[in-house]
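Starting off with a structure, shown below.
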């Protein structure tokens, strides 16, 4: 899932007086470092389970904070080092 707006997440944390460590634990992370990177905007994606736990802990719908990312890979991609001629042969 992708975090829509890190400022909104920080604002919810401030309003509800939730620390970064507290939310990281609620998300199921062993440390608070990845959550810190999310809040700074260094990363934007996270797995579904932690995203749902964060939204639940803050009492908001998950789609208020996160977008679901669908893979567009159909499994038919050609490996970059293998040319189409080698595959056809």
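Filtering the stretch 23-36 down to residues that are exposed (fewer than 15 other Cβ atoms within 10 Å of the Cβ) and over 17 Å from residue 1 (Cα atoms), which residue is nearest to the chain's Cα centre (by Cα)?
Looking at residues that are exposed (fewer than 15 other Cβ atoms within 10 Å of the Cβ) and over 17 Å from residue 1 (Cα atoms), I get 33.
List the pairs whose first member sits in the stretch 9-36 and is on the phi > 0 side of the Ramachandran plot and assigned to a loop (DSSP other than H, G, I, E, B), whose second member is modelled with pLDDT of 95 or more and surrounded by 14 or more Cβ atoms within 10 Å (Cβ to Cβ), and whose Cβ atoms are under 9 Å apart, counting only residues at least 6 apart or on separate chains?
Between residues of the stretch 9-36 that are on the phi > 0 side of the Ramachandran plot and assigned to a loop (DSSP other than H, G, I, E, B) and residues that are modelled with pLDDT of 95 or more and surrounded by 14 or more Cβ atoms within 10 Å (Cβ to Cβ), the close pairs are 28/50; 28/53.
If residue 39 satisfies all but one of (1) outside any loop (DSSP other than H, G, I, E, B); (2) loosely packed, with under 13 Cβ neighbours inside 10 Å; (3) at pLDDT below 95, what's the number of the condition it fails?
(2)
Specify the residue that is modelled with the lowest pLDDT; the eligible residues are those in the stretch 53-82 that are surrounded by 10 or more Cβ atoms within 10 Å (Cβ to Cβ) and over 17 Å from residue 13 (Cβ atoms).
Looking at the filtered set, the residue picked out is 78.
Quick check on the stretch 42-51: of everything there that is under 16 Å from residue 64 (Cα atoms) and without any contact (Cβ under 8 Å) to a residue 40 or more places away in the chain, which residue is surrounded by the fewest Cβ atoms within 10 Å (Cβ to Cβ)?
49
The values are calculated or read from the model by the stated rules, or taken from the named source; none is laboratory data. On a predicted model such as this, the values are computed, not experimentally measured, just so you know. Quick reminder, even Gly has a Cβ in these numbers, built from the backbone with ideal geometry, and neighbours come from all protein chains shown.
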